[in-house]
Amino acid sequence: MHSIKKLYKIGNGPSSSHTIGPKEATKEFLIRYPHIDAVQVVLYGSLALTGRGHLTDDIIYKTVFPIPCKIDFDINKKMKHPNTLEFYGYQANQLVGHMIFYSVGGGAIEIEGEPPLKENHIYPLNTFKEITEYCENNQMNLVEYINQIEELDEFLDGIYHTMLQSVEKGIKTTGTLPGKLQVKRKASYIYQQRGNESENEALRRRVMAYAYATSEENASGGTIVTAPTCGASGVLPACLCYALELKKYSHQAILDGLKVAGLIGNIVKTNGSISGAEAGCQAEVGTACAMAAAFLAFLDGLGIKGIERASEIALEHHLGLTCDPVDGYVQIPCIERNAVAALRAMDAAKLASYIFNNESKISFDMVVDTMLDTGHDLQPSYRETSEGGLAKKFH
């Protein structure tokens, strides 16, 4: 598996597959062909169908500038991957460069005809089962396993603060999100509500507000952390703020929890998918929920079995969730889904605390495999194309 540093990325929303990935592809093309004086980019699949709402064309224009750039949206041609970009580079009106990129989720890219980058495949084990067996044989926990492979504390401290900043800014900001949907920001409104509620109810309300806050920052093109993607970036920060409000955990424990969450996300990314265009929203929000549940289960001291059970519960009950962004904006139903998933992560961790010592018929690895199969079974209209589901019924 890749370094956890490749999963958590600090970047601008609204979509890791549609903005961060295409930006990286554009930069790579310009590095390969530094003397071109004109660029043509053809977007296919989900990038063609929802790229305008996801600001794909905008990020490409900004990255290429001041080189003239023409972008075409081909919604008919079927390519190897649903997030495909084809680049043509010209010099003095002559074609001098051509590359095809795939934006594979979480801001990562692959290049047609070239093997995936190997330098950051630093984890020798790829499944939860393999990792569990290794830890049990060597009498270590998941954090100890991660620590022996890579040093993450300084990196994750930056991730921690960026997550908090996205929540803080989102809570304070009011107004309307960009785009023709004219969706009003709701994080501040939810956060400020007061009523006849218990402290537990108030805390859960604030968690929803935290998820809305980061998701609205993402929808506005603000700075967020992919966890594992932009579209699902509100879930883990909301649960992080929940943990901080409990005032039970040290800063080091929080960082260690982010390590465990990152490991869970990496397992899904390696064996399943975190791309909505490939496997639906179950791959994005479902994975984020599993990461957040693992984070909370670790903080509650559940151990490897409890962490697996929490992650499995969280992901299993997102199976089949479609990706149907209205008009291609990461707003409806995406923002609300982040809030629901944050609460579900809390509930999954709590349920795991009650039953993790009992026999489980379902493993986390099994759910990851099932999620990928389910995603491939979904019709393309339900995989980030805005051609089905709510996106179709909205108008």
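The values are calculated or read from the model by the stated rules, or taken from the named source; none is laboratory data. None of these values were measured; they are calculated from a predicted model. Heads up, the Cβs are rebuilt from the backbone with ideal geometry, glycines too, and the neighbour counts pull from every protein chain shown. Just the protein is used for accessible areas: all its heavy atoms, side chains included, with ligands, DNA and RNA removed. Shrake-Rupley method; radii C 1.70, N 1.55, O 1.52, S 1.80 Å.
Below, the figures for the structure above:
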| item | result |
| --- | --- |
| Computed E for SER360/ASP74 - FRET, C-beta separation, R0 45 angstrom, nearest 0.05 | 0.50 |
| R0 of 30 Å, Cβ-Cβ distance LEU246-THR174: FRET efficiency to nearest 0.05 | 0.60 |
| Dipole of the chain, positive end: most advanced residue of TYR160, HIS121, LEU299 [Cβ charges, Cα centre] | TYR160 |
| Listed residues PRO14, SER311, LEU258: farthest to the positive end of the dipole of the chain (Cβ charges) | PRO14 |
| Hz values of 3J(HN,Hα) by residue in the range 280-289 - Karplus curve (6.51, -1.76, 1.60), Gly and Pro given as x | x, 6, 4, 6, 9, 5, x, 5, 4, 5 |
| Under the Karplus curve 6.51 cos²θ - 1.76 cosθ + 1.60, θ = phi - 60°, whole-Hz ³J(HN,Hα) for the range 50-66, x wherever Gly or Pro sits | 10, x, 5, x, 8, 6, 5, 4, 4, 5, 5, 4, 5, 6, 6, 3, x |
| Carbon and sulfur %, accessible surface of the range 49-142 computed with the full protein complex present, 1.4 Å | 52 |
| Positive-end residue, the chain charge dipole about Cα centroid, Cβ charges, pick of ILE171, ALA339, ASN200 | ILE171 |
| Computed Kirkwood radius, in angstrom, where 1/r is averaged over Cα pairs of the range 36-154 | 17.5 |
| Extension gain, GLN148 back to LYS5 (0.36 nm per residue minus Cα-Cα distance, nm) | 50.0 nm |
| Förster radius 56 Å - calculated FRET efficiency between ILE31 and LEU351 (Cβ-Cβ, nearest 0.05) | 0.70 |
| For the range 150-156, 3J(HN,Hα) per residue [Karplus equation, 6.51 cos²θ - 1.76 cosθ + 1.60, θ = phi - 60°, Hz, x = Gly/Pro] | 8, 8, 10, 4, 5, 4, 6 |
| Cα gyration tensor shape of the range 40-90, rounded if a/c is under 1.5, else prolate or oblate by comparing a/b with b/c | oblate |
| The range 22-51-the range 299-344 distance, computed between alpha-carbon centres (Å) | 31 |
| Those trypsin sites (Lys or Arg not before Pro) in the range 112-193 that DSSP places in a loop and that have at most 10 other beta carbons within 10 Å | LYS118, LYS180 |
| Fraction of accessible area attributable to carbon and sulfur, the range 244-395 (%, probe 1.4 Å) | 52 |
| Euclidean distance of C-alpha centroids, the range 193-265 and the range 131-148, integer Å | 27 |
| Residues of the range 1-40: accessible area per residue with a 1.4 Å probe, Å² | 38 |
| Percent carbon-and-sulfur accessible area, the range 187-239, ignoring ligands, DNA and RNA, probe 1.4 Å | 44 |
| Rounded accessible area per residue of the range 116-180, 1.4 Å, Å² | 59 |
| Placed amide H near ALA38: partners under 5 Å, 5+ positions off or other chain | TYR90 |
| Per DSSP, loop trypsin sites (Lys or Arg not before Pro) in the range 233-292 with at most 11 further Cβ within 10 Å | LYS247, LYS248 |
| Estimated dipole of the chain in Debye, rounded to 20 [Cβ of Lys and Arg +1, of Asp and Glu -1, Cα centre] | 1200 |
| Interchain or long-range residues, amide H under 5 Å from ILE109's placed H | VAL104 |
| Pairs of alpha carbons in the range 81-212 whose separation is greater than 24 Å (percent) | 65 |
| Accessible area per residue in Å² at 1.4 Å probe, computed on the range 352-395 | 64 |
| Lone cysteines, the chain (no partner Cβ under 4.7 Å) | CYS69, CYS135, CYS230, CYS239, CYS241, CYS289, CYS334 |
| Per-bin percent of Cα-Cα distances, the chain [20 Å] | 30, 57, 13, 0 |
| Kirkwood hydrodynamic radius of the range 299-395, from inverse mean 1/r over distinct Cα pairs, in Å | 14.8 |
| Cα convex hull of the range 176-267, projected area averaged across orientations, nm² | 7.1 |
